[in-house]
Amino acid sequence: MPSNRRLWGLLVMTLVGALLPAAGPANTAGATGAGDLGITIAAKKKPAPKPKPKPKPKPKPKPKPVPKPKPVPKPTPAAKPTPANPALKKSATGLPAVLKINPQEWPGWRGGNRDGKSFDTGLLKAWPEGGPRLVWKTTGLGEGYSNITVAGGMIYTTGHKQRKLYLHGLSTKGKIVWSTEVGPGWTKSKPGSRSTPTYSEGNLYLVSGVGLIGCYDAKTGKEKWKREMSEFGGKPHQWGYAESVLIVGNLALVTPGGKNCIVALNKKTGEEVWQSLSFTGPGYSSLIYVEYKGVPMMINGTAGGIIGVHAKSGKTLWTNTFSAGNTANVPTPAFSDGYVFWATGYGKGGICLKLEVSGQNVTAKEAWRTKDMVCHHGGFVILNGYIYGNNGGGWVCLDLKTGQKKWEAKGVGKGSICYADGMLYLFGENGGKVALAPATPSGFKLTGQFSVAGTGPSWAHPVVVRGRLGLRYADNLYCFDVKAEK
């Protein structure tokens, strides 16, 4: 028999089993053995570990506020052309292809494009008997042959007084506002002022008869810089220097002759930019600027003939010795449609050259010569394929490409010319005769004439701008109204 201790043990176990709730299915994976009693007791489950709290997501950084774009400023509207700042249309060369001039200005010798042509329209086609209405007359300019310049809201010209050269600034009503002494005047053969002031961006540029080159403030006449033609080997001929400075972009160009035929200066400082090689001495002509088939050129007549140089370097492109050694080569060359025309006086006549371009090289082949335009000083204009100009004691029209003469007439006799609104304005060398005629190759017919007073020969050219005709005759300056009534 089992012992008492064993019985007590079984009894206790029985009581415990009775008191415990019925166990579910055994979890043998987690059971604990109860010795040799053969009883298994469900193991106590460990509490499931609490899930680790998910880390709170870091708050995304607030995006920096994008700054509001600054309002794009409205483009400043293009200014209307003003007398103080004529615009320049740039070409691929960096130099202006065309000098775009304010049509209300006449900024220097022979106008904005140096071709003797005005932009004016709406002008009289015929003058009343006795001529158009005189608006004003001014005296006290001094001796001279200088033309007038109309720009910057003023009128400019030069005069010779007491052996000195003066540059004058006048109001548009003809009152002299200021006068600046430039230096010694030309006192030898044919004393008096010669060069016409050139206006550009508030400044005036001038060559004196003795060869001073100067820049002056257009409002006050104050000198800004000065050079001399002699610095470049130049020397005046028998009647002094008569050239008017050419302004192209930032260049001021003159023709000293001598060792440097043409010189380009910085128009703001007077510093040298380039020099061309020698081509004999200077004439009395003034430079023109041409761009043809991508090649920019400066062209001028000299004592040794006519020359074209590259506008960016001064390299000689072509020359022609027509009229070399003449008594005086005065008129300014003219260009149109690939043709360069130049006529001179003293029996020489004219020559027409056809330009041919290959890359940056240019040749000038003679197209024709003529004795039908012997032009002392009065010049010529090219219009629609025809040349109108002075021939000895009268006037002539020639075909540009062939030289064929279309008509010849007396007009006002030997003199100078400009063109405006379909009409030719003629100013006689002697007696102050002035005339008007249609510019047509079909024939010559005067539609008005009158005279102005003066002494000696008149070598200034007529100027037409803003409906006014300006005439310089010796010490006198006249302004006439040539605008047609609406």
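The values are calculated or read from the model by the stated rules, or taken from the named source; none is laboratory data. Everything numeric here is computed off the predicted structure, so don't read it as measured data. Every residue, glycine among them, receives a Cβ derived from its backbone with ideal geometry; neighbour counts consider all protein chains shown. Quick note on the areas: whole protein, heavy atoms, side chains included, nothing else; ligands and nucleic acids left out. Shrake-Rupley method; radii C 1.70, N 1.55, O 1.52, S 1.80 Å.
Under Stokes-Einstein, with the Kirkwood radius over Cα pairs as Rh, the value for the range 262-391 at 25 °C and 0.890 mPa s is 164 µm²/s. The Lys354 and Ala409 beta-carbon pair, evaluated with R₀ = 22 Å, returns a calculated FRET efficiency of approximately 0.20. Accessible surface of Ser230, taken over heavy atoms with a 1.4 Å probe and every protein chain present, rounds to 70 Å². Each label point was placed 7 Å from the Cα along the Cα-to-Cβ direction; for Asn430 and Thr269 their separation is 5.2 nm. Accessible surface calculations at 1.4 Å, restricted to protein heavy atoms, place the range 342-486 at 37 Å² per residue. Spin-label model, Gln162 to His237: label points 7 Å out along the Cα-to-beta-carbon direction sit 3.3 nm apart.
Between Leu317 and Gly308, Val309, His310, the built amide H atoms are under 5 Å apart, and every one of these is 5 or more places off in sequence or on another chain. With r as the distance between the Cβ atoms of Glu223 and Arg369 and R0 = 35 Å, compute the FRET efficiency 1/(1 + (r/R0)^6) and round to 0.05. Efficiency for this residue pair is about 0.20. Translational diffusion of the range 200-335 was estimated from the Stokes-Einstein equation, with Rh taken as the Kirkwood radius over Cα pairs; at 4 °C and 1.567 mPa s the coefficient is 88 µm²/s.
For the range 346-412, the relative contact order comes to 23 percent (Cα pairs under 8 Å, sequence separation of at least 6). Roughly how far apart, in whole Å, are the Cα centres of the range 222-251 and the range 434-486? So the separation of the two Cα centres works out to 29 Å. Share of carbon and sulfur in the accessible area of the range 213-272 stands at 45%, probe radius 1.4 Å. The distance between label points at Glu201 and Thr402 comes to 4.7 nm (points 7 Å beyond Cα on the Cα→Cβ vector).
The solvent-accessible area of Leu141, taken with every protein chain present and a 1.4 Å probe, is close to 0 Å². Counting only protein heavy atoms and using a 1.4 Å probe, the accessible area of Lys483 comes to about 90 Å². Over what distance in Å are the Cα centres of the range 113-186 and the range 297-354 separated? Each part reduced to its Cα centre gives a spacing of 28 Å. Entry note, the range 275-314: relative contact order of 40 percent, from Cα contacts under 8 Å with a spacing of 6+ residues.
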